[in-house]
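*Asks:* One structure is given below, represented as structure tokens, and several questions about it will come after.
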Amino acid sequence: MLVPEAPLDAYRTDLARDKSREDFGGADTVWLLTAHCLSRIARATATDLPVLGAQCAAALRDFAEPASGGNATPAAELEDILLVCEGMARLRTRAGADALTKGIRGMATRMADAGALSMAYTAVGFVRRVADNASDRERGLLTADQAMIARLLGDLEAAEELYRAVESIGERAADMTVVARAFIGRGVVDRVRGNYPRSRIFFERALELAETIQSRDLKRLAHQGLTICHAIGRNYDRGLQHGWATYELADGHLGREVEALTNLAQLSLDAGFPGAALRGYAAVLGRSPSPRVALSALGGAAIAAAQAREPAALARATAEIEARAAASAMPYENAQALYSLATAYAATGDRGRQDEYLARARKLAKARGFFELLHKTDPDVVAKVAMPPVSVPLTEPSRDVVASLTEIDVGEAAGLLALTPQA
């Protein structure tokens, strides 16, 4: 099972995981100092704890002050630094322990998003040792965060064990928020393992609890999990409804909207509604996603355009993929986008361009060892994937989702993909 490393060792582990980077975007010093303080506090005696906590709080508080010279602390860190300072100075109290857990949970989320997973796991692990005065709610959510990080690090056994601990905390405290978070986590672990029936059960239980306590964020996560489970099971009718609920619960958060719209576009494509899928992918592009997500969305848009008989949109998607792939340093995403173009041109019957893009995708996949993608470049496999599916019968709520996706505002992406104007 994973164990927290020494802070500097954890930092080195994270950098070694991605040899193309030298830091994590400006907050490295704050994160390292915070983790170092936590490691010292975790080893302190009860007698030394008040003095050491005050010293650590004073050292960290300097990073929350406006910089007179040098690099300023990223604004996203400031609120959590102050919470951590409060917590370290008052660790023996419930309020102090809760402040520390909240501050570290915020920091750890940004660490994980930046790829500093070992740092995040270490910081959360130390806080779990020292913040035993925290409320059940905060201890449960902190443990859930550590479970999520363990899953991202690939240790599913550790993640499941931690989520079971979260569930126990929530049940003992009769806290449905904590229990729902545990169910969502266990649903994700089962999904990663490929146990979709059990995964769906956990997400359904989480959704029931989330609706009882009216937590929009937990409802969004549960609907998102159910979207994927139903998509894998080819129950596109249910998947579309859960996908649209996920989108509505994003509450304007661009990253969450992009994720929900990507799932809705793919579901629409698989269900035989390429026109809606094309608008969905365009809506993703209109929200300025990361280069990685943009390449994937362009690949999906190319296939949808081919199946929807939108030649201008296909031509523009092709040009965008060519330009972006030539300038990017993302070999897997480049190979996947080229494969998508081969699939799109197979759908149009253009064998020459199909073979051209297949050869390029195959060459890149072979050079980089992308063996799953290499298998997909077999012409027979491509021909089967490219064949437009027959539209599946949908209930009225799902037809409404498809209609809403078809009419969704795509912003500047309408010009980018030369989309046919909506009536």
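Nothing in this text is a laboratory measurement; each read-out follows from the coordinates by a stated rule. Computed from a predicted model, the values in this text were never measured in an experiment. Here the Cβ positions follow ideal geometry from the backbone for every residue, glycine too, while neighbour counts run over all protein chains shown.
*Asks:* Quick check: net charge around P7, other residues with Cβ under 12 Å of its Cβ, Lys/Arg +1 and Asp/Glu -1?
*Replies:* Details: positive: R12, R40; negative: E5, D9, D14, D28.
It works out to a net charge of -2.
*Asks:* Let me ask you something else. Loop only per DSSP, at most 12 neighbouring Cβ atoms within 10 Å: give me the trypsin sites (Lys or Arg not before Pro) in the stretch 334-389, ordered by residue number.
*Replies:* Working: sites: R351, R353, R360, R362, K363, K366, R368, K376, K384; in loops: none.
Answer in residue order: no site qualifies.
*Asks:* Give the relative contact order (percent, whole number) for the chain; include only Cα pairs under 8 Å separated by 6+ residues.
*Replies:* The normalised contact order for the chain reaches 10 percent.
*Asks:* Within the set of other residues whose C-beta is less than 15 Å from the C-beta of R292, count the net charge using Lys and Arg as +1 and Asp and Glu as -1.
*Replies:* Details: positive: R21, R287, R324; negative: D18, D113, E259, E320, E333.
Overall, the nearby charge balance is -2.
*Asks:* Test of understanding: given the chain, find the longest segment containing no GluC sites (Glu not before Pro) that are in a DSSP loop and have at most 12 other Cβ atoms within 10 Å. List each step's numbers first, then the result.
*Replies:* Working: sites that count: E22, E407, E412.
The longest uninterrupted stretch comes out as 23-406.
*Asks:* Now for a different question. Where does each of M107, M330, M176 land when they are ranked from fewest to most other beta-carbon atoms within 10 angstrom?
*Replies:* Exposure proxy ranking, most exposed first: M330, M176, M107.
*Asks:* Go through the stretch 168-174 residue by residue and turn each phi into a ³J(HN,Hα) via Karplus (6.51, -1.76, 1.60, θ = phi - 60°); whole Hz please, and just put x for glycine and proline.
*Replies:* 5, 4, x, 5, 5, 8, 6
*Asks:* What does the convex hull of the Cα atoms come to per residue for the stretch 269-423, in Å³?
*Replies:* On the way: hull volume 17.0 nm³, N = 155.
Considering the Cα atoms of the stretch 269-423, their hull volume per residue is 110 Å³.
*Asks:* Here's another thing I want to ask about it. Any idea what diffusion coefficient the chain gets from Stokes-Einstein, in µm²/s, Kirkwood Rh on alpha carbon pairs, 20 °C, 1.002 mPa s?
*Replies:* On the way: Rh = 23.5 Å.
Taking Rh from Cα pairs, D becomes 91 µm²/s.
*Asks:* Round to the nearest 10 and give me the degree value, 0 to 90, for the angle of helix 176-193's Cα axis relative to the longest principal axis of the chain.
*Replies:* Rounded to the nearest ten degrees, it is 50.
*Asks:* What value, in deg cm²/dmol to 500, does the helix sum -39500 (n - 2.57) over DSSP H runs of n ≥ 4 give at 222 nm once divided by the residues of the chain?
*Replies:* On the way: 22 runs with 319 residues, N = 423.
Using -39500 (n - 2.57) per qualifying helix, the result is -24500 deg cm²/dmol.
*Asks:* Ordered by residue, what ³J(HN,Hα) values in Hz, to whole numbers, does the stretch 205-212 give under the Karplus form 6.51 cos²θ - 1.76 cosθ + 1.60, where θ = phi - 60° and Gly and Pro are x?
*Replies:* 5, 5, 5, 4, 5, 4, 5, 5
*Asks:* Within a Cβ distance under 12 Å of L249, other residues only, what is the Lys/Arg minus Asp/Glu net charge?
*Replies:* Details: positive: R216, K219, R220, R256; negative: E211, D217, E248, D251, E257, E259.
That sum, taken over residues with Cβ under 12 Å, equals -2.
*Asks:* Of A302, Y339, T395, whose Cα points farthest to the positive end of the dipole of the stretch 285-423 (charges on the beta-carbon: +1 Lys, Arg; -1 Asp, Glu; origin at the Cα centre)?
*Replies:* The residue sitting most towards the positive pole is Y339.
*Asks:* Which angle from 0 to 90°, rounded to the nearest 10, does the C-alpha axis of helix 7-17 make with the longest principal axis of the chain?
*Replies:* 10
*Asks:* List the residues, sorted by chain then number, that are 5 or more residues from E5 or on another chain and whose placed amide H is less than 5 Å from its amide H.
*Replies:* Amide H to amide H, under 5 Å and 5 or more residues apart or across chains, E5 pairs with T122.
*Asks:* Continuing with the same structure: When the Karplus curve 6.51 cos²θ - 1.76 cosθ + 1.60 is applied with θ = phi - 60°, which whole-Hz ³J(HN,Hα) does each residue of the stretch 274-282 get, with x for Gly and Pro?
*Replies:* Using θ = phi - 60°, the values come out as x, x, 5, 4, 4, 5, x, 5, 5 Hz.
*Asks:* Another question about this same structure. If one computes the Cα centroid of the stretch 283-344 and of the stretch 148-216, what distance in Å separates the two points?
*Replies:* Measuring centre to centre over Cα atoms gives 34 Å.
*Asks:* Could you give me the percent of Cα pairs per 10 Å distance bin for the stretch 1-134, shortest bin first, beginning at zero and ending with the bin that holds the maximum distance?
*Replies:* With a bin width of 10 Å, the distribution comes to 13, 46, 33, 8, 0.
*Asks:* So which lysines can K366 reach, going by Cα to Cα under 19 Å and dropping same-chain residues fewer than 8 places off?
*Replies:* Within reach: K376.
*Asks:* For a quick check: sort H36, H375 by the number of other beta carbons within 10 angstrom, fewest at the front.
*Replies:* Starting with the residue having the fewest Cβ neighbours, the order is H375, H36.
*Asks:* Once you've got the GNM for the chain with C-alpha springs shorter than 10 Å, pick whichever of A282, A383, A35 has the biggest mean-square fluctuation.
*Replies:* A383
*Asks:* While we're looking at this one, here's another question. Counting each pair of different Cα atoms once, what's the Kirkwood radius of the stretch 169-311 in Å, rounded to one decimal? All intermediate terms of the calculation are to be shown ahead of the outcome.
*Replies:* Details: mean 1/r = 0.0639 Å⁻¹.
The Cα-based Kirkwood calculation yields 15.6 Å.
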